[in-house]
Structure formats: structure tokens, C-alpha cells
């Protein structure tokens with residue numbers, strides 16, 4: 001399996017990608033409430049175990065506290081946090097902008113959930129990367145109006161001389177309680193036993209009325225509105241089975257990255273007549289090595305490495321995935337293959353689109369798969385989808401697509417840490433990828449394979465589905481299941 005070298009880490013948790021990066025002296029502001037807040041956010045579950053998001057946050061807060069705002073730039077962040085080479089072209093590589101958008105969303109989520117009790121707020125205003133701190137507004141800290149246990153006891157003891165309920169009195173008492181809660185002064189309440197009981201009865205009556213009304217309105221909405229939960233309740237078994245699969249990939253607890261292919265990479269590899277390993281693709285050295293070679297047409301080939309091309313087939317799949325009922329929009333990120341990071345495949349789930357030629361990240365998962373993409377520029381070795389352990393009736397190689405037929409692959413495997421899942425939708429060409437996508441998005445075709453892949457824990461075992469389809473004018477027609485593997489190899 002291809003692996004990338006790990007970056008040096010400081011005691012504070014963020015990456016030291018440059019020997020000149022002075023980020024180890026954070027003890028100078030360890031007692032600073034701004035730094036303590038940043039550390040709590042970095043360690044929270046809201047960041048989804050993403051080391052790069054935590055490194056990003058700690059770096060900009062550290063520089064802000066040191067009054068070194070001139071170092072909070074896209075170029076510096078790209079080099080010191082994301083390991084980009086000195087002088088890299090930020091206009092062509094938007095990794096910092098992409099992660100900044102995600103970090104802003106995570107900060108909003110943190111202060112709405114885990115950090116709802118924080119008095120100090122942190123945000124990253126748009127248009128830059130410098131953090132901004134502010135105190136939470138007083139109205140956000142107003143205490144609950146629900147009576148405390150001692151206040152309930154006082155109300156139970158409240159009574160008028162003639163024993164009759166005094167509604168005005170209870171309203172006045174509750175108003176005094178609210179004022180007491182804000183001013184933190186004690187409240188004196190007269191005796192009135194029956195008053196609290198009758199007030200409690202009134203509240204139960206109105207609560208029951210509201211619940212019944214809500215039930216009736218909800219029932220009416222269920223019939224009138226096409227809510228996803230209603231559709232799932234009346235869906236066919238095939239749709240229910242597909243729904244289970246998407247629930248494994250999209251979740252509120254982690255990010256899901258949809259990664260379309262880098263089609264300019266295919267053209268580059270064809271021109272230089274050699275494959276590009278994942279490690280070279282991630283660090284950009286394939287462009288550096290090409291520049292040093294000074295081969296004919298190098299400048300034109302290098303332009304392909306800077307452009308961002310992807311296929312209409314990939315974009316159509318991204319569009320259809322985004323319309324699924326199970327998608328969690330705030331946790332779903334479309335990321336170009338060149339901008340994806342190893343950390344993303346450890347902390348979240350992903351849908352990788354394209355072959356290894358166009359999406360080198362698939363290389364990471366092929367060693368644990370039976371069906372594997374293999375492309376050779378010469379004629380001495382087979383190219384196509386290799387089947388190293390063919391079963392009866394299967395071919396050892398599903399080769400280069402012809403004008404009449406092509407092949408695609410749908411594979412469901414664990415992510416790099418085993419905490420999420422990766423779905424690979426790939427083909428020998430765009431028609432092959434289209435065939436795999438059509439098969440995946442057709443519940444009636446996916447139902448039986450998914451049923452066979454169901455695990456006792458309620459999810460799915462690892463599975464690989466080899467799909468064949470007629471190739472009509474570079475479009476896949478009538479995809480069919482050719483072979484499958486259930487479980488790890």
C-alpha cells in the first residue's frame with residue numbers, strides 16, 4: 001500500500017512542516033483564555049478527529065496571540081500546516097480555502113452543541129484566515145424559566161386564607177421567580193397549597209392539547225408532504241436496502257467526501273507514457289520531476305497538471321448523490337482529487353469516482369480488494385480489471401474496453417482507520433464509470449448483492465461488484481452484474 005511520510009508534530013498538536021516554523025513556544029500563552037478555547041475546540045468531537053482541521057485552528061490562533069498576523073496567509077498556512085512546497089501556486093491549489101470553509105462550519109457547530117456554555121466565542125471572518133474573538137451576548141445566557149426544586153416546594157406551600165386559587169397571585173409569584181433568577185436575590189412566597197396543584201393541572205391539560213394537535217397536524221403533513229421518512233416507510237424492499245447503504249456513508253458524526261476524477265491526469269500519463277504513483281501525485285513532485293526532465297512539449301504538459309478537468313459522468317453522479325434523502329448537507333464535501341488529504345480518508349467516509357489513472361487515491365484500497373485496476377503502456381502485460389483469483393466461469397482479466405463493451409466496479413471497503421467507509425465507483429473508461437454509477441443508483445439491481453453483503457451488526461461487509469455494460473457511443477447501456485466478492489479478501 002502506498003503511504004506518505006508523516007509530518008513532525010509539536011507538543012501543541014499542530015504540524016511542523018518547516019524547520020523554521022516557530023510553533024513550539026506555546027507555553028508563553030498557555031494560560032491565555034483564547035489559547036485554552038482553541039485547545040478545547042481542537043480536542044472536541046466536533047472536528048471529527050481531523051488532525052488537519054485541528055492543526056489549522058491551532059496555527060492561526062497561535063499566530064494571532066503572538067501578534068504575528070502577517071503569517072496568517074494562505075501561502076504560509078499551505079506550507080506550514082498542509083505541507084505544500086515553498087512558493088507553491090495557491091491560485092491553482094485551493095486546499096487552504098477548502099479547509100477554511102469546513103473549519104468555519106465546524107466552529108459554528110461547536111458553539112451550538114459542545115461549546116454552548118462557552119462565554120468566549122471564536123470565528124474566522126470570511127475574506128481572511130485570522131481568528132476573531134468575542135464574548136457571548138448576555139441574552140444568550142438567560143437562565144431557564146423552569147422552576148427549581150426549592151421554588152416548586154415554595155409554590156406547593158402557597159395558599160390564600162380562604163383556600164381559593166388565585167390565578168393573579170401565581171402569575172405574580174412566577175414573575176418574581178424570574179426576576180430572582182436574573183438578580184440572584186431570594187424570593188418570599190406566601191402559603192398556597194391548592195394553587196400549585198391547579199396550575200399543574202392546567203399545564204398538563206394544555207400540554208396534552210398541544211401534543212394531540214401536533215399529532216393531528218403531523219399526520220396531515222405525512223399524507224400531504226413527500227417527507228423522506230414517509231417515503232422510506234412505504235418504500236419497496238429494494239429502496240430500503242439502498243437506504244441502509246447510504247446511511248453507512250452519510251452521517252452526522254463524520255464528514256463524507258465525494259471525490260470526482262482528475263481527468264487531466266489521464267492525458268498527462270498518456271503523454272509522458274508512465275504512471276504517476278499516489279505519493280508523487282499528492283506532493284506535486286510529478287510536475288517538478290517533469291520540469292527537470294525538460295522533455296519536448298514540457299511546458300504544455302505542465303499546463304495539464306495545473307488545470308482542473310473532470311468528466312460529465314462524474315459530475316452527473318455527484319449531482320445525483322447530492323439529491324439523496326440520506327445526505328447530510330453540512331457533513332458532505334465535494335473535494336477535487338488533487339485537494340484530498342490522507343487525513344480525510346482516516347477520519348471520514350468517501351466516495352471515490354474514476355479509475356486509478358484519474359483518481360490515484362483508489363491505489364490505497366486496491367491491496368485489500370480482489371478486483372484491481374492495472375494499466376500497462378506496453379503490450380507485454382494485460383491491462384484492465386485484474387481478477388487474481390477467478391472462480392468458475394470468471395475471467396482472470398476483464399480487459400481494455402472495446403467499441404461494444406466496457407466494465408465498471410462498485411467496491412465498498414473500510415476507510416484507512418476502520419472508523420468509516422469508502423465507496424469506489426470506477427470504470428475502465430467514462431462509459432465503464434457510468435455503468436458502475438447506473439448500477440449503484442438502481443435499487444432493483446443493488447438489492448440482491450446488498451442483501452448478501454448484510455452483516456449481523458446491521459451494516460454491510462466489504463463487497464466488490466464487477467459490472468459489465470454495452471458501450472454505445474461512449475455511453476453505458478443496461479449494466480449487468482458479472483462477478484462479485486463479499487467480505488475481505
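Tabulated results
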quantity	calculated
Tally of residues being modelled with pLDDT of 85 or more and either surrounded by fewer than 18 Cβ atoms within 10 Å (Cβ to Cβ) or within 30 Å of residue 44 (Cβ to Cβ) (or both) across the range 250-279	10
Count - residues of the range 75-108 that are free of Cβ contacts under 8 Å to residues at least 24 places away in the same chain and under 22 Å from the mean Cα position of the chain (by Cα)	5
Any hit, the range 60-68, residues being modelled with pLDDT of 90 or more, touching a strand residue (DSSP E or B) at 6+ places or on another chain (Cβ under 9 Å) and not in a loop (DSSP other than H, G, I, E, B)	yes
Residue that is at pLDDT 85 or above, over 24 Å from the mean Cα position of the chain (by Cα) and assigned to a loop (DSSP other than H, G, I, E, B), where the choices are 370, 379	370
Output for the range 459-469, where each listed residue is loosely packed, with under 15 Cβ neighbours inside 10 Å and assigned to a strand (DSSP E or B)	none
Selection count where residues are part of a loop (DSSP other than H, G, I, E, B) and in contact with a helix residue (DSSP H, G or I) (Cβ under 7 Å, 6 or more places away or on another chain), scope the range 419-458	1
Verdict on residue 404 being under 29 Å from the mean Cα position of the chain (by Cα), touching a residue at least 60 places away in the same chain (Cβ under 8 Å) and assigned by TED's automatic domain parsing to the domain that holds residue 459	no
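Residues are listed down the side, and each one gets a yes or a no for (1) under 16 Å from residue 53 (Cα atoms); (2) buried (at least 19 other Cβ atoms within 10 Å of the Cβ); (3) at pLDDT 90 or above:
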position: 85; (1), (2), (3): no, no, no
position: 88; (1), (2), (3): no, no, no
position: 101; (1), (2), (3): yes, no, yes
position: 108; (1), (2), (3): yes, no, yes
position: 120; (1), (2), (3): no, no, yes
position: 133; (1), (2), (3): no, no, yes
position: 138; (1), (2), (3): no, no, no
position: 141; (1), (2), (3): no, no, no
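The values are calculated or read from the model by the stated rules, or taken from the named source; none is laboratory data. Since this is a predicted model, take the numbers as computed values, not measurements. Backbone-built Cβ (ideal geometry, glycine too); neighbour counts: all protein chains shown.
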